[in-house]
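Novice: One structure follows; several queries about it will come next.
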Amino acid sequence: MSIDAETLIDWFGTSARDLPWRHADCTPWGVLVSEVMLQQTPVARVLPVWQQWLERWPKPSALASATQGEVVRAWGKLGYPRRALRLHTAATAIADEHGDEVPSDVDTLLGLPGIGAYTARAVAAFAYGRRAPVVDTNVRRVVARAVHGAGEAGPPSTNRDLRDVEALLPDGPDESCAARFSAALMELGALVCTARNPRCADCPIFDTCAWQKAGRPAYTGPARPTQRYGGTDRHVRGLLLDVLRGTTEPVEKARLDLAWPKAGQRDACLDSLLADGLVEQTADGRFALPGEH
DNA sequence: GACTCGTGGAG
DNA sequence: TCTCCAAGAGT
C-alpha cells in the first residue's frame, strides 16, 4: 500500500500550522536554523528563540561573527547545547567556503557539522524544493502505520528508512511536489498520526491506511529503552551550564560546586563541558561560557 | 547498532 | 507522581 500524494498535499494546504520557517520569504538560512533547533526539541519551544536568532543573525556570516559564548547563551534552554556550537561552526564554513549561501545539495550539506541524514534532506527539500526523502520520527511513524500496518516504527535504520520513503515520493508536475509531500507527511505525524492517541477520525488517509485495515494491531517490536534524566550526566551538565548562562562574569569553581552534590560526577561533567568547548577556564582559574572574556 | 547528549510539557 | 516523548547527530 502506498500513500496518495494529492490527498495528503491537499490536507496540508488546509490544515498545516502557520510556522514562520514555512513562509515564502523565509531564507534557506532560516530553514537551516529551524531544522537544527527542531532536532529533538518541540516546535513551541523553538519558535521564540528562532525569531530572536533570525533578527540578530540574519545571515550565516552574522552568526559566524558572534562568539561561541554568545551563541550558547542565545541558545538558552533548547537543550543539547552542542547543537549551538555546531551550528556556529557550520555558519562559519558557509560564510567562508560557500559565499554565505546555504548549500542546496544533500552531499554538501552532509559535510557540515550538526547536519545529518535528516537535516541535510530537510534543508534541500524545504529551502530549495529539491527531491529528497526526508525521514524524521514523524515520517517513520506515519509510514509504519499507513504503509506497513504496524502500530509503531521499529528501531531506526537510516539507509533502509531513506529507501523506504524514497519509494513513496510522488512524481508531480514539478520537482517541489516531493518536498511538499514530505512536509505533509511530517505534519500528519505531528498533528494527527501522533505517537500517543492518534486522531484517526481526522486523518485524510484513513481509507487507505494499512494499520486501520489490519485492525490496528498493537506494536510487537522491541521496546525502546526508557531514558532517565534525573541524576544523569546530562542533568548535571545542564545544571552547570545553567549557572554560567545566568552570569556575565566568570564564576569561581566553588560556585559551580553548589550546583550538584556529588563531587566526582560534578567534576567529570565539568571536564566534559570543557572538552566539548561549551565552557572555558579563564587565566585566573574561573569558569565561563567560551569566548566572552 | 548501542550510547550519549538537555529540557520541559502533556497525560 | 512518573512516564513518555519532541523535525537527530556523532562516536
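The values are calculated or read from the model by the stated rules, or taken from the named source; none is laboratory data. As the structure is a prediction and not an experimental result, all values here were calculated from the model. Backbone-built Cβ (ideal geometry, glycine too); neighbour counts: all protein chains shown. Please note that ligands, DNA and RNA were not included when accessible areas were found on the heavy atoms of the full protein model with its side chains. Shrake-Rupley method; radii C 1.70, N 1.55, O 1.52, S 1.80 Å.
Novice: Where residues in the range A:231-252 are among the charged types (D, E, K, R) and in contact with a Ser or Thr (Cβ under 8 Å, 6 or more places away or on another chain), which of them is surrounded by the fewest Cβ atoms within 10 Å (Cβ to Cβ)? So that I can check it myself, show each step before the final result.
Specialist: Step one: of the range A:231-252, the residues among the charged types (D, E, K, R) are A:233-234, A:237, A:242, A:245, A:249, A:252.
Imposing the further condition that a residue be in contact with a Ser or Thr (Cβ under 8 Å, 6 or more places away or on another chain) reduces the set to A:233, A:237.
Working: A:D233: 12, A:R237: 22.
Here the answer is A:D233.
Novice: Which residues, taken from the range A:7-25, are free of Cβ contacts under 8 Å to residues at least 60 places away in the same chain and outside any helix (DSSP H, G or I)?
Specialist: Hits for the range A:7-25 are A:D18, A:L19, A:H23, A:A24, A:D25.
Novice: Still on this structure: A:A66: without any contact (Cβ under 8 Å) to a residue 24 or more places away in the chain and closer than 21 Å to A:L168 by Cα, yes or no? Give the derivation first.
Specialist: Values: without any contact (Cβ under 8 Å) to a residue 24 or more places away in the chain: yes; closer than 21 Å to A:L168 by Cα: no.
No.
Novice: Just to be sure before I move on: is A:R266 among the basic types (K, R), surrounded by 13 or more Cβ atoms within 10 Å (Cβ to Cβ), at pLDDT 95 or above and closer than 18 Å to A:W75 by Cβ in the structure I sent? It would help to see each step written out before you state the result.
Specialist: Numbers: among the basic types (K, R): yes; surrounded by 13 or more Cβ atoms within 10 Å (Cβ to Cβ): yes; at pLDDT 95 or above: yes; closer than 18 Å to A:W75 by Cβ: no.
Taking the combined requirement at face value, the residue does not satisfy it.
Novice: Let me ask you something else. Restricting to helices (runs of 4 or more DSSP H) lying wholly in the range A:185-293: which have 2 or more residues that are within 11 Å of DNA strand B (Cβ to nearest atom) and touching a residue at least 40 places away in the same chain (Cβ under 8 Å)? Walk me through it before giving the result.
Specialist: Working: elements: A:210-213, A:233-245, A:253-257, A:263-276.
Output list reads A:233-245.
Novice: Here are the criteria: (1) more than 8 Å from DNA strand C (Cβ to nearest atom); (2) surrounded by 18 or more Cβ atoms within 10 Å (Cβ to Cβ); (3) among the polar types (S, T, N, Q). Tell me which single one A:S104 does not satisfy.
Specialist: A:S104 satisfies every listed condition except (2).
Novice: Which residue out of A:A146, A:A95 is on the phi < 0 side of the Ramachandran plot, in contact (Cβ under 8 Å) with a residue 60 or more places away in the chain and buried (at least 16 other Cβ atoms within 10 Å of the Cβ)?
Specialist: Numbers: A:A95 fails: in contact (Cβ under 8 Å) with a residue 60 or more places away in the chain.
After ruling out the rest, the residue left standing is A:A146.
Novice: Here's another thing I want to ask about it. Inside the range A:192-201, can you point out the residues that are open to solvent by 50 Å² or more (accessible area, probe 1.4 Å), within 16 Å of DNA strand C (Cβ to nearest atom) and more than 15 Å from A:G149 (Cα to Cα)? Show your work before the answer.
Specialist: Narrowing the range A:192-201 to residues open to solvent by 50 Å² or more (accessible area, probe 1.4 Å): A:195-197, A:199, A:201.
Restricting the remaining residues to those that are within 16 Å of DNA strand C (Cβ to nearest atom) gives A:195-197, A:199.
Those that are open to solvent by 50 Å² or more (accessible area, probe 1.4 Å), within 16 Å of DNA strand C (Cβ to nearest atom) and more than 15 Å from A:G149 (Cα to Cα): A:R196, A:N197, A:R199.
Novice: Right, something else. Just give me the residues in the range A:113-132 being more than 16 Å from DNA strand B (Cβ to nearest atom), within 24 Å of A:P198 (Cβ to Cβ) and either surrounded by fewer than 22 Cβ atoms within 10 Å (Cβ to Cβ) or of a type in the set (K, R) (or both), in sequence order.
Specialist: Answer for the range A:113-132, where residues must be more than 16 Å from DNA strand B (Cβ to nearest atom), within 24 Å of A:P198 (Cβ to Cβ) and either surrounded by fewer than 22 Cβ atoms within 10 Å (Cβ to Cβ) or of a type in the set (K, R) (or both): there is none.
Novice: From the list A:Q40, A:Q51, exactly one residue is within 22 Å of A:V165 (Cα to Cα), surrounded by fewer than 16 Cβ atoms within 10 Å (Cβ to Cβ) and touching a residue at least 24 places away in the same chain (Cβ under 8 Å). Which is it? Quick ask: steps written out before the conclusion?
Specialist: On the way: A:Q51 fails: within 22 Å of A:V165 (Cα to Cα).
Only one candidate passes the filter, namely A:Q40.
Novice: Ok, one more. Based on what the data block shows, is A:L168 surrounded by 13 or more Cβ atoms within 10 Å (Cβ to Cβ), within 22 Å of A:R131 (Cα to Cα) and over 22 Å from the mean Cα position of the chain (by Cα)?
Specialist: Working: surrounded by 13 or more Cβ atoms within 10 Å (Cβ to Cβ): yes; within 22 Å of A:R131 (Cα to Cα): yes; over 22 Å from the mean Cα position of the chain (by Cα): yes.
Against the criterion (surrounded by 13 or more Cβ atoms within 10 Å (Cβ to Cβ), within 22 Å of A:R131 (Cα to Cα) and over 22 Å from the mean Cα position of the chain (by Cα)), A:L168 qualifies.
Novice: Could I ask something else about it? What's the number of the condition A:G221 fails, among (1) within 30 Å of A:P156 (Cβ to Cβ); (2) surrounded by 14 or more Cβ atoms within 10 Å (Cβ to Cβ)?
Specialist: (2) is the only condition that A:G221 fails.
Residues are listed down the side, and each one gets a yes or a no for (1) under 19 Å from A:F126 (Cβ atoms); (2) more than 15 Å from the chain's Cα centre (by Cα); (3) within 16 Å of DNA strand C (Cβ to nearest atom):
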{"position": "A:A5", "(1), (2), (3)": "yes, yes, no"}
{"position": "A:P28", "(1), (2), (3)": "yes, yes, yes"}
{"position": "A:S34", "(1), (2), (3)": "yes, no, yes"}
{"position": "A:Q39", "(1), (2), (3)": "yes, no, yes"}
{"position": "A:P58", "(1), (2), (3)": "yes, yes, no"}
{"position": "A:S65", "(1), (2), (3)": "no, yes, no"}
{"position": "A:R73", "(1), (2), (3)": "no, yes, no"}
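Novice: Let me ask another. Taking A:T7 as meeting all but one of (1) in contact with a Pro (Cβ under 6 Å, 6 or more places away or on another chain); (2) open to solvent by less than 30 Å² (accessible area, probe 1.4 Å); (3) away from DNA strand B (no atom under 14 Å from the Cβ), write down the number of the exception.
Specialist: If we test A:T7 against (1) in contact with a Pro (Cβ under 6 Å, 6 or more places away or on another chain); (2) open to solvent by less than 30 Å² (accessible area, probe 1.4 Å); (3) away from DNA strand B (no atom under 14 Å from the Cβ), just (2) comes out false.
Novice: Here's a follow-up. Of the conditions (1) surrounded by fewer than 17 Cβ atoms within 10 Å (Cβ to Cβ); (2) within 20 Å of the chain's Cα centre (by Cα), A:R180 clears all except one; give me its number.
Specialist: Of the numbered conditions (1) surrounded by fewer than 17 Cβ atoms within 10 Å (Cβ to Cβ); (2) within 20 Å of the chain's Cα centre (by Cα), the odd one out for A:R180 is (1).
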